[in-house]
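> Sharing a structure with you now.
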Amino acid sequence: MKFFRDYGKLIIFCSGILLGVQIPNFIDQYVKRISAHHIEAKTNFSGYQDTADKHFEGNVQMLITHYESSQDKVFQDDAKNIKRIYYRILDFEAELKALNASLLKKICHVVFHSNPDVLEETFSEYSSMVPLNQAAIICGLALALVASLAFELILFALAKIFSLIRIRFPIQRKNG
C-alpha cells in the first residue's frame with residue numbers, strides 16, 4: 001500500500017509541475033487575445049470615432065444619441081451597432097488595464113473576472129509548451145505543492161474515516 005501511495009504522490013507532484021508551468025503561458029496567450037480583439041474593435045470603430053470627432057467634439061455618446069433620435073430606422077439600427085462596438089472597446093480596455101499587473105493578479109483576474117468568450121477561445125486554441133522561465137517554474141512548483149498537499153490531506157482524511165469505521169464496527173471473525 002505504501003508503494004502505491006508513494007508513487008501516487010510522485011505522479012501528483014509531477015502532474016502539478018507540468019500543469020503549473022503552463023499557467024504563465026496560458027495567461028500570456030489570453031492577454032494577447034484580449035489585445036488583438038481590442039485592436040480589431042478599435043479598427044472597426046475608427047470611422048465612427050472620426051465622425052464623433054468631426055461633429056461631436058469626440059463625444060461618442062452624443063453620436064449614439066444622435067443616431068438613436070433620428071427618424072430614419074437605418075440610423076436607429078446603426079446606433080445599436082455603434083454602441084455594441086464602443087462598449088466592446090471599453091470592456092477590452094478595462095480588461096487590459098486589469099491585466100497590466102503582477103502574474104498573481106493576472107492569474108486571479110483570469111480565474112475570477114475573465115472575458116468568458118476570450119477565455120473559451122484561449123482554451124480551445126491554446127498551444128502548450130514547457131517554458132523554463134522563473135514565472136513558469138514558480139507556478140509549477142506552487143501547483144505541485146498544493147496538489148501534493150491536497151493528496152496528502154485526502155489520504156489522511158480517508159485513513160481517519162476508515163479507522164473510525166473500524167472502531168465503531170469491528171470486523172468479527174468466525175473461529176471455526
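> Mind listing the long-range amide H neighbours of VAL21? Cut-off is under 5 Å, sequence gap 5 or more, other chains count too, H placed in the peptide plane at 1.01 Å from N.
Result for VAL21 returns GLY140.
> May I ask for the Rg/Rh ratio of the chain, computed from Cα atoms with Rh as the Kirkwood radius, given to two decimals? Please list the in-between numbers first.
Numbers: Rg = 27.2 Å, Rh = 20.9 Å.
Here the Rg-to-Rh quotient is 1.30.
> Let me ask something else about it. What angle, in degrees between 0 and 90 and rounded to the nearest 10, separates the Cα long axis of helix 134-168 from the longest principal axis of the Cα atoms of the chain?
With both axes taken from Cα atoms, the answer is about 40 degrees.
> Another question about this same structure. Rounded to whole Å, give me the distance from the Cα center of the stretch 130-157 to that of the stretch 39-58.
Value for the Cα centre distance between the two parts: 47 Å.
> Within the set LYS42/LYS83; LYS32/LYS83; LYS83/LYS105; LYS2/LYS160; LYS42/LYS80; LYS42/LYS97, which residue pairs have Cα atoms separated by over 20 Å? Display every interim value, and only then the final one.
Values: LYS42/LYS83 13 Å; LYS32/LYS83 24 Å; LYS83/LYS105 30 Å; LYS2/LYS160 16 Å; LYS42/LYS80 16 Å; LYS42/LYS97 16 Å.
Those over the limit are LYS32/LYS83; LYS83/LYS105.
> Moving on to the next point. Relative to the longest principal axis of the C-alpha atoms of the chain, give the angle of the C-alpha long axis of helix 116-125, reported between 0 and 90° and rounded to the nearest 10°.
Relative to the chain, helix 116-125 is tipped by roughly 60 degrees.
> Among LYS73, LYS83, LYS106, which comes first, then next, by fewest other beta-carbon atoms within 10 Å? Let's see the in-between values first.
On the way: LYS73 8, LYS83 17, LYS106 21.
With the sparsest Cβ surroundings first, the list reads LYS73, LYS83, LYS106.
> Relative to the first principal axis of the alpha-carbon coordinates of the chain, what is the inclination of helix 22-55, with its axis defined by its Cα atoms, in degrees from 0 to 90 and to the nearest 10?
Roughly 10 degrees, rounded to the nearest 10.
> So if each residue of separation counts as 0.36 nm, and I subtract the Cα-Cα distance between TYR7 and VAL146, what length gain in nm does that give? Walk me through the intermediate numbers first.
On the way: separation 139, 0.36 × 139 = 50.04 nm, distance 1.68 nm.
Taking 0.36 nm per residue and subtracting the Cα distance, the gain is 48.4 nm.
> How large is the convex hull of the Cα atoms of the stretch 94-155 per residue, expressed in Å³ as a whole number? If you can, show how the numbers build up before the last one.
Details: hull volume 7.8 nm³, N = 62.
Residue-normalised Cα hull volume stands at 125 Å³.
> Suppose the chain between PHE75 and LYS42 were pulled fully straight at 0.36 nm per residue; how much longer would it get relative to their current alpha carbon spacing?
Going from the current span to full extension adds 9.8 nm.
> I would also like to ask the following. Just how large is the dipole of the stretch 1-83 about the Cα centre, in debye to the nearest 20, putting +1 at every Lys and Arg Cβ and -1 at every Asp and Glu Cβ?
Numbers: 10 positive and 10 negative charges, 162 e Å.
Charge dipole of the stretch 1-83: 780 debye, to the nearest 20.
> In the stretch 24-129, with Lys and Arg counted as +1 and Asp and Glu as -1 at Cβ, which of these residues, TYR86, VAL118, LEU104, has the Cα nearest the positive end of the dipole, that is, farthest along it?
The listed residue farthest towards the positive side: LEU104.
> Report, in debye and to the nearest 20, how large the dipole of the chain comes out about its Cα centre when Lys and Arg carry +1 and Asp and Glu carry -1 on their Cβ.
Values: 20 positive and 18 negative charges, 371 e Å.
Value, rounded to 20: 1780 debye.
Every number in this text was worked out from the coordinates using simple rules, so none of it is lab data. Everything numeric here is computed off the predicted structure, so don't read it as measured data. FYI the Cβ positions are ideal-geometry reconstructions off the backbone, even for glycines, and counts take in every protein chain you see.
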